[in-house]
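Only one structure is covered here, and it is reproduced in the block below.
The values are calculated or read from the model by the stated rules, or taken from the named source; none is laboratory data. Note that the structure is predicted; figures quoted are calculated from it, not measured. All Cβ positions, even for glycine, are placed from backbone atoms using ideal geometry, and neighbour counts span all protein chains on display. All accessible areas refer to the heavy atoms of the entire protein, side chains included, with ligands and DNA or RNA removed. Shrake-Rupley method; radii C 1.70, N 1.55, O 1.52, S 1.80 Å.
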Amino acid sequence: MHVSIVSLFPEMVGIIGEYGVVGRAQDRGLITLDIENPRDHTTDAHRSVDDRPYGGGPGMVMKFEPVAQALDSVLARMPAGCPRVYLSPQGEVFDQAMAKRLAALPGIVFLAGRYEGIDERLIETHIDEEISLGDFVLSGGEIAAMAVIDAVVRLLPGVLGDDESAVQDSFMDGLLDHPHYTRPEVIEGKRVPEVLLSGDHAEIARWRNKQALGRSYLRRPDLLGKLNLNVEQQALLDEFLKEQSQ
Ligand code: 9D3
């Protein structure tokens, strides 16, 4: 997959290719990271990428020309069928279903904004979709682009090892994860749940499913509301809630 990022902070977004899953994907040639700075597409002596907003008010707006040219030059290096995605608070809220859709594309161009945002005409002429991370204020689109890239790249075939992929499956069923424990068996008087030491793999799987359902019910009822629990899951949740009230 060809992943391009247009940003005024190329060193910041380049970090994504230096660590972890995305770094490994790049090293193994599963993705190409291509970063373009709009400042390299300015023609004036001051290399201006921003200007004052028409209508007045605080803050600055990213200028059309340098961003348009940066987007055009990265797109020219990409295969056909790569959407240009603008990270913005006005976008559709990102989720795992969007990550899956994006992971099926040959490539994606991400535009990270700074200041108050970009000239609206750029969205009309050079942007195919707008994505937000949710209802909180970031200082720019770079961290949002990096989050989306991380979520998408982990879904590409061959990026995760077999162990990591198994973990992914359990989150993919739309529930929160169950609790995790590692050595030692007792910490500050708190014991690891007995079932996890039993070696009974069926019973362990049942306990983990029950915890996942219970925590999702308590912490994220919105997630549970989207699922249609089967009879077995409903029984596990009932059992969790009964244990909870004891
Ligand atoms: C404080 C500035 N705000 C005035 C009402 C508007 C504003 C402009 C630019 C708020 C945030 C930003 C920069 N944000 C992003 O580029 C961004 C973002 C976000 O802030 N929240 C969630 N998802 C995203 S994706 C890109």
- Task: Residue by residue through region 103-119, note down the ones that are among the charged types (D, E, K, R) and near the ligand (Cβ under 10 Å from one of its atoms).
- Result: Arg114, Glu116
- Which numbered condition Asp150 fails, given (1) open to solvent by 60 Å² or more (accessible area, probe 1.4 Å); (2) modelled with pLDDT of 95 or more; (3) farther than 20 Å from Ile16 by Cα; (4) assigned to a helix (DSSP H, G or I): (3)
- Can you name the number of the only condition in (1) part of a loop (DSSP other than H, G, I, E, B); (2) more than 11 Å from the ligand (Cβ to nearest atom); (3) among the hydroxyl-bearing types (Ser, Thr, Tyr) that Thr125 fails? (1)
- Can you confirm whether region 135-146 contains a residue that is polar (S, T, N, Q) and under 14 Å from the mean Cα position of the chain (by Cα)? no
- Can you name the number of the only condition in (1) more than 16 Å from the ligand (Cβ to nearest atom); (2) buried (at least 17 other Cβ atoms within 10 Å of the Cβ); (3) on the phi > 0 side of the Ramachandran plot that Gly158 fails? (2)
- Note on the structure: Of the residues in region 56-75, those that are among the hydrophobic types (A, V, I, L, M, F, W, C), within 14 Å of Glu36 (Cβ to Cβ) and surrounded by fewer than 20 Cβ atoms within 10 Å (Cβ to Cβ) come to Ala68, Leu75
- In region 89-119, what residues are open to solvent by 10 Å² or more (accessible area, probe 1.4 Å), assigned to a strand (DSSP E or B) and among the small types (Gly, Ala, Ser)? Gly91
- Message: Any residue at all in region 37-53 that's in a strand (DSSP E or B), crowded, with 16+ Cβ neighbours inside 10 Å and in the same structural domain as Phe136 (by TED's automatic domain parsing)?
- Response: yes
